[in-house]
Amino acid sequence: MAKIGINIVTGSLQQAEVIVGIDLGTTNSLVATIHPDTKRPIALKEFDNSSLVPSIVHFDSFGNASVGEEAKKFLETEPQNTIFSAKRLMGKSYNDVKTNAGFFTYKVIDDNTDSLVKVQVGNQFYSPIDLSSYILKELKKRAEHILKTPVTKAVITVPAYFNDAQRQATRDAGKLAGLDVLRIVNEPTAAALAYGLGLEKDEEKTIAVYDLGGGTFDVSILHITSGIFEVLSTNGDTYLGGDDFDRLIIQYWLKEIGLSEEEMHGNKQLAQTLRLVAEEAKKHLSKQERFEFDLSTITNYELRITANNLLLTTYNLQLTTEKFNELIQPLIEKTINSCVNALKDADLKATDIDTIVMVGGSTRVPAVKNAVSAFFGKPVNDSVNPDEVVALGAAIQADILAGNNKDFLLLDITPLSLGLETMGGLMDVLIPRNSKIPTKVGRQYTTYQDGQSGMRISVFQGERDLVKDNRKLAEFNLTGIPGMPAGLPKVEVGFLINADGILVVTAKELRSGVQQSIEVKPQYGLTDAEVEKMLMDSITHAKDDIQTRALVEARTEGEQLLNVTEKFLTKNAGLISKEELLVTAQAMQALQLAITMEDKNLIQTKTEELNEVTRPFAERAMDEAISGAMKGQNIMG
Ligand code: ADP
Ligand code: MG
């Protein structure tokens, strides 16, 4: 709830509401706010004097989660229980991430479908939304602890290249952490705001934001006119960052001390130590010319023994800036190549860029700075701490939304999310709350049953996960869909809100062209207090809602798999042996039972098991129609 405070000087009541800015990073996350006295953004630090919370979640054998530095200790020793880089999985299916499957040292569920990816730790399943919510909860706790006030509102940043699903997943994670996410802001936009760019009324500028973090690199070209930020292009490499610098240092040292990578990985303590020392060396070399470390000073017994047994040629780890620059040169060149492509996509030349903003811890490396500055032909902006700049900008955006920055123009926005009812009574948001209007979005849906000729389109408004808890705005039937197997029709549903706030919903089956539309006035009859109540309800019920959603999704996925398997068995009876048939029937029964029991984890386990069982012969004969039926979302018939 919003908090009422009393101004001690005047004795008047005042609204002391804090809205924080959060950078939910792949490697590190942090929270910032506007200092009430200085009116400047500050990153919130705990006693350890660091604002950074490593984006890592560790689960102990009881399933208790720890986050940040506490969790980081387990990276090498308990890789299967220590989840890093959850951000890479946000809004993704296994098919989206499978080419990089080797990157993850924990179990990412490989169910070979287009449903959203899950992580398995012990016998628990976590969605990337769950995992991110642990990090957000930690940041919320930190902010409340330092500011000594409840924090329920936040602005969260995401990469400019995040799509709708990834943005929605980030909102959901916020909600699950007990935060009302006022807005999702692009990271480069936030960074620009932290440099004061875009805050002048008549300012027009083209800027480049170069962001080199721990595991990802992106460069964005933005055009800023009177406070409006437009992303002209983005480019980058989602698997390139400072961690790769560390890896190159380790490889170099391994050669120097006469050890192979396998030997190093054979000793987890040694691997962990080298990883930490390499990062330390890299940071040291951002300021000094030379780094040295004596491995024999390490007191860890296990490590000493291994080192002795391995007969190292030397215990002395050394690195000069010159050598380091030589090692990372190819990676720097890759990032410059991305800058070339970003400019090309924006149809601009390097000289068209007015300002270059440096973001991400790895831009502290002088060789990186120099290369970027040389490429654009001018000095770069690096005066704001590159680890904090995104969160600081998010805090500035939050302050504008709180109405504290009156000069700043606020565009018309939608106060509540708008969406459709999908399978199981779930709310599928097409236009998230706080979207600028006018706006237009489209999404494709498909049928659930063979030969389904109609589709009910029910439009809802609100923040809850189940439509029954939201407000129904309109409903109509799209009829005349020609008979096709389930999953084949393509129904494009469009939501358009014009400048007057009128919502027009259209549905069109793309193969046959049948079409239907309706017009509604979303705000009609809703008072501000009612909107506020709907928002607060969504926070209070977030946990139940998300659990219910997870159950409904698991059930739908399980039911679909049962359906597909059944169809497959009838069609391809000849391809399957008696034994296979028997185990399949058993796995199907177990899944059916789990669905009846409404136990989410059990449903997921049994779905996974049925997948395992059917995979070999499904692969033998998986035809287009069946894989088609497993794809896409289904609206109630
Ligand atoms: P992300 O945006 O991916 O969460 P960050 O912006 O926090 O990542 O960057 C983290 C990376 O920055 C790590 O690889 C870390 O080693 C690196 N880094 C931090 N400080 C320095 C420094 N002084 N010199 C070089 N690299 C640094
Ligand atoms: Mg970052």
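The values are calculated or read from the model by the stated rules, or taken from the named source; none is laboratory data. Since the structure is predicted, the reported quantities are computational estimates derived from the model, not experimental observations. With ideal geometry, Cβ positions are generated from the backbone for all residues, glycine too; neighbour counts draw on all protein chains shown.
What the table below lists for this structure:
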| item | result |
| --- | --- |
| Residue within the range 468-486 that is among the acidic types (Asp, Glu) and under 20 Å from Arg171 (Cα atoms) present | yes |
| Pick from the range 206-224, criterion at pLDDT 95 or above and over 22 Å from Leu240 (Cα atoms), ranking: nearest to ligand 1 (Cβ to nearest atom) | Ile207 |
| Filter result (free of Cβ contacts under 8 Å to residues at least 60 places away in the same chain and in a loop (DSSP other than H, G, I, E, B)) within the range 415-432 | Ser417 |
| Residue that is farthest from ligand 2 (Cβ to nearest atom), among those in the range 189-217 that are farther than 17 Å from Ala86 by Cβ and in contact with a Phe, Trp or Tyr (Cβ under 8 Å, 6 or more places away or on another chain) | Leu199 |
| Meets criteria (more than 16 Å from ligand 2 (Cβ to nearest atom) and over 25 Å from Gln288 (Cα atoms)) for Ala374 | no |
| Only listed residue being within 16 Å of ligand 1 (Cβ to nearest atom) and touching a residue at least 40 places away in the same chain (Cβ under 8 Å), chosen from Asp180, Asp172, Asp244 | Asp244 |
| First in the range 264-286 and crowded, with 19+ Cβ neighbours inside 10 Å, second anywhere and aromatic (Phe, Trp, Tyr), Cβ under 6 Å, 6 or more apart | Val277/Phe293; Ala281/Phe291; Lys282/Phe245; Leu285/Phe291; Leu285/Phe324 |
| Selection count, the range 446-467, where residues are within 24 Å of Asp172 (Cβ to Cβ), touching an Asp or Glu at 6+ places or on another chain (Cβ under 8 Å) and assigned to a strand (DSSP E or B) | 5 |
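Residue-wise test of (1) among the polar types (S, T, N, Q); (2) within 16 Å of ligand 1 (Cβ to nearest atom); (3) surrounded by fewer than 19 Cβ atoms within 10 Å (Cβ to Cβ); (4) not assigned by TED's automatic domain parsing to the domain that holds Lys45.
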site	(1), (2), (3), (4)
Asp354	no, no, yes, yes
Gly360	no, yes, no, yes
Val365	no, yes, no, yes
Val372	no, yes, no, yes
Phe376	no, no, no, yes
Glu388	no, yes, no, no
Leu392	no, yes, no, no
Ile396	no, no, no, no
